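S.K.: Okay, handing you the structure first.
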Amino acid sequence: MVRRTIYVTGHKNPDTDSIISAMAYAYLKQQLGYNAMAVRIGELNQETEFVLSLFNEFAPPLVKDIKTRVRDIEFDDVTTCKKDETLYGALMKMRKNNKKVIAIVDDKKHLLGMASISDITSPLVPHQDLNNKLIRETDIAQICNFLQAKLLYRCENQHTDGHVFIAADLCQQKCKDKIVITGSDHDIISHCIENNAASVIATGIDDFKKEEYQLAEKYQCNLIVSDKQIYEISKNIYYATTVDKVMSTNLTTFKYDDYIDDVKAKINKSRYRSYPIIDNHNHIIGNLSRYHVFKHSNRDLILVDHNELSQSIEGASQANILEIIDHHRIGGIITSSPVVFRNERVGCTATIITKLFKENNVAIPADLAGLLCCAIISDTVNFKSVTCTETDVNTAKELARMACLNLDDLAKKILAASANLSNKSAQSIFRNDLKQFEINHLKVTVSQCNIVTKDSINQIKNDMVNTIRDYGKDSGSDIVMIAFSLIDGSGSYVLIEGNGKERLKDLYERYDSEDGVLFLPKVISRKQQLIPLISSILE
């Protein structure tokens, strides 16, 4: 069964554009016939929660990584039976479904064990100790029921050793403790009983003689009659054993959500050809073979609003990246095969997504149009960002008309939600919109948030300094900073920490600073202003 899903995700510490663009593009792919699913790899910020609530929308599910799991690859359906089913019944189910293994389950479908073709057919091989053991452990009533024979006398002392013997004459071979199959000759029947046979299965008769019942009671011998031929009885008697007698219980199983890399490691250390897949309740849901594991494809992935692995979901380097849709600088991402790469000089990924709807002649629902409009307002800081283009403005206006929204009112609400830092810890503010960059062999971490006035910084400054210092140590970042961008577009206040802070001393010489807080006038775009500015100094 193939379960191919295309996962669409934005970057770590997602902002409104990242979340909405992933949702919108997943919807577009669905309309084009793909099994696409939007996911997120970080918690929602306050602004994004507000935007989603405006349209009563749920956020995409939070995922930790994109590594391939068992559920993502092809595996076999499984055939099951109960533990009290006969070997013959289990074999017929396997043949009907063309399976080489069968799962034994209880009444609640919990996995008890597995049996292979060889486990079930091994009793057919003559002179095997296993054969005798299986028959010895199988109740005589079970054998009669399977053979559709009549158990006319059941002795109190069951003493079979598991051997099956065909008696054709009054031979001297001992019948003691054996299951003897014979015809209608009553002399042979009596002879077998007197020689301590455990059971006598007679064919071609309707009943035993009175004296034979007396002998059976004396010598403790089961008396059975059957309409089947002697050869048929001898050939099939072993199949009367229940499947739980041959099933394997020492199993290597895998969960539906196990990583394929972990599965491979276990399989390489085992000798089995197939492995049960179980859910969290021990219900079997499939069967995995070596073939499935070693021929699998990695998960399909589409990246929006970023193109650097350092900003992407864990395991992205192992995924099958199909597309990248972004408006940032092109980073150091490497793909194993060509991809669709859409990168435009606009202020918001949502602007590009809207274009793609038009190019594919897919209508945008009113609510989704509203969400896309909010994403553009957010990422362009109400069109004040230096990254904002005429295309962004015109697209936002068009989307607002589609959703029957007032742009000015909407912008005020969104920016107010993004700039509200009350009741938020320094750590939550810092991690809210965090991105990492590699600049001249230095690891640079830059966080950003919106504020109305500088007063918003004063209450959290000391805690914020400690937060970014600790983050630098824990993450190995050489430079860590947070930019508090004014929503009126006049500039950003910046705090900088880290071992590489001295490398940015030119910033403090060029721009005004007070109490360690640097002010960068007109700088409100991280990607087109702040990062290029830092890069020009570090490089």
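The values are calculated or read from the model by the stated rules, or taken from the named source; none is laboratory data. Just so we're clear, the structure is a prediction, and the values are computed from it rather than from any experiment. Here the Cβ positions follow ideal geometry from the backbone for every residue, glycine too, while neighbour counts run over all protein chains shown. Note: accessible area is taken over every heavy atom of the protein model, side chains too, but ligands, DNA and RNA are not part of it. Shrake-Rupley method; radii C 1.70, N 1.55, O 1.52, S 1.80 Å.
S.K.: On average, how much accessible surface per residue is there in the chain, in Å², for a 1.4 Å probe, leaving out ligands, DNA and RNA?
M.R.: Details: 25700 Å² over 539 residues.
Accessible area per residue, the chain: 48 Å².
S.K.: OK, next. Rank Ser428, Ala403, Phe383 by how far each Cα sits towards the positive end of the charge dipole of the range 375-444 (+1 on Lys, Arg Cβ; -1 on Asp, Glu Cβ) and give me just the farthest.
M.R.: Checked the options; the winner is Ser428.
S.K.: In vacuum, with every alpha carbon of the range 3-96 counted as one equal point scatterer, what does the Debye formula give for log10 I(q)/I(0) at q = 0.10, 0.14 Å⁻¹? Two decimals, please.
M.R.: Cα-only, vacuum Debye calculation for the range 3-96: -0.45, -0.62.
S.K.: Between the range 289-357 and the range 28-59, how many Å separate their Cα centres?
M.R.: Distance between centres, Cα-based: 17 Å.
S.K.: Say the dipole of the chain comes from +1 at the beta carbon of Lys and Arg and -1 at that of Asp and Glu; which of Ile267, Leu54, Gly498 then lies farthest toward its positive end?
M.R.: Among Ile267, Leu54, Gly498, the one farthest towards the positive end of the dipole of the chain is Ile267.
S.K.: Beyond 21 Å, what share of the Cα-Cα pairs of the range 378-447 is found? Please give it as a whole percent.
M.R.: Numbers: 1117 of 2415 pairs.
That tail contains 46 percent of the Cα-Cα pairs.
S.K.: Viscosity 0.890 mPa s, temperature 25 °C: what is the translational diffusion coefficient of the range 308-372 from Stokes-Einstein with a Kirkwood Rh over Cα pairs, rounded to a whole number of µm²/s? Don't skip to the end; give the middle numbers.
M.R.: Values: Rh = 13.5 Å.
The estimated diffusion coefficient comes to 181 µm²/s.
S.K.: Next question, about the same structure. Restricting to bridges with both residues inside the range 1-136, how much of the DSSP beta-bridge set is antiparallel, in percent to the nearest 5? Each step should come with its number before you reach the end.
M.R.: On the way: 5 of 13 bridges.
Given both bridge residues lie in the range 1-136, the antiparallel proportion sits at roughly 40 percent.
S.K.: While we're looking at this one, here's another question. With bins 20 Å wide starting at 0, give me the P(r) of the chain over every alpha carbon pair, in whole percents.
M.R.: 18, 32, 20, 15, 12, 3
S.K.: Assuming a strict under-25 Å limit between Cα atoms, what lysine pair count do you get for the range 404-485 once near-sequence pairs (fewer than 8 apart, same chain) are dropped?
M.R.: Final tally of qualifying lysine pairs is 15.
S.K.: Just the number, please: carbon plus sulfur as a percent of the accessible area of the chain, 1.4 Å probe, no ligands or DNA/RNA counted.
M.R.: Values: 11580 of 25700 Å².
Roughly 45 percent, rounded to a whole number.
S.K.: Moving on. Of the peptides 258-264, 19-25, 485-491, how do they stack up when ordered by the mean number of other Cβ atoms within 10 Å, highest first?
M.R.: Numbers: 258-264: 17.1, 19-25: 29.1, 485-491: 18.7.
Answer by packing, highest mean first, reads 19-25, 485-491, 258-264.
S.K.: Further question on the same structure: Among the lysines, which fall within straight-line cross-link reach of Lys64, defined as a Cα-Cα distance under 16 Å, with same-chain neighbours fewer than 8 residues apart omitted?
M.R.: Leaving aside lysines fewer than 8 places away in the same chain, those within reach of Lys64 are Lys12.
S.K.: Quote the Stokes-Einstein diffusion coefficient, in whole µm² s⁻¹, for the range 306-461, based on the Kirkwood radius over alpha carbon pairs, a temperature of 37 °C and a viscosity of 0.692 mPa s. Write out the running numbers ahead of the final one.
M.R.: Working: Rh = 17.7 Å.
This corresponds to a translational diffusion coefficient of 186 µm²/s.
S.K.: Please quote Rg/Rh for the range 253-376 to two decimal places, taking the Kirkwood radius as Rh and restricting both calculations to Cα atoms.
M.R.: On the way: Rg = 20.0 Å, Rh = 17.8 Å.
With Rg and the Kirkwood Rh in hand, the quotient comes to 1.13.
S.K.: Another question, then. Quick check for me: using +1 on Lys/Arg Cβ and -1 on Asp/Glu Cβ, what's the dipole size of the range 454-519 about its Cα centre, in debye to the nearest 20? Let's see the in-between values first.
M.R.: Working: 8 positive and 13 negative charges, 28 e Å.
About 140 debye.
S.K.: Additional query: I'm a student and want to see the number: the projected area of the Cα convex hull of the range 425-487, averaged over all directions, in nm².
M.R.: Numbers: hull surface 16.9 nm².
For the range 425-487, averaging the hull's shadow over all directions gives 4.2 nm².
S.K.: If you wrap a convex hull around the C-alpha atoms of the range 62-141 and split its volume per residue, what is the figure in Å³?
M.R.: Residue-normalised Cα hull volume stands at 151 Å³.
S.K.: Can you give the Rg and Dmax of the range 136-191 based on its C-alpha atoms, in angstrom?
M.R.: 11.8, 31
S.K.: Compute the distance from the alpha-carbon center of the range 141-185 to that of the range 454-486, in whole Å.
M.R.: 87 Å
S.K.: Please state the Cα pair-distance histogram of the range 376-524 with 5 angstrom bins from zero: what percent is in each bin?
M.R.: Using 5 Å bins, I get a P(r) of 2, 9, 18, 19, 18, 14, 9, 6, 4, 1, 0 for the range 376-524.
S.K.: List the aspartates and glutamates whose Cα lies under 13 Å from the Cα of Lys100, skipping any in the same chain that are fewer than 8 positions away.
M.R.: Asp76, Asp77, Asp119
S.K.: Related question: Once you sort the root eigenvalues of the Cα gyration tensor of the range 469-508 as a ≥ b ≥ c, which label holds: rounded (a/c under 1.5), prolate (a/b larger than b/c) or oblate (the other case)? The partial results should precede the final answer.
M.R.: Values: a/c = 4.33, a/b = 1.70, b/c = 2.54.
Note, shape of the range 469-508 comes out oblate.
S.K.: How large is the translational diffusion coefficient of the range 166-299 in µm² per second when you combine the Kirkwood radius over alpha carbon pairs with Stokes-Einstein at 37 °C and 0.692 mPa s?
M.R.: The diffusion coefficient I find is 172 µm²/s.
S.K.: Check cross-link reach from Lys355 to the lysines: straight Cα distance under 24 Å, and skip same-chain residues fewer than eight apart.
M.R.: List returned: Lys29, Lys384, Lys397, Lys527.
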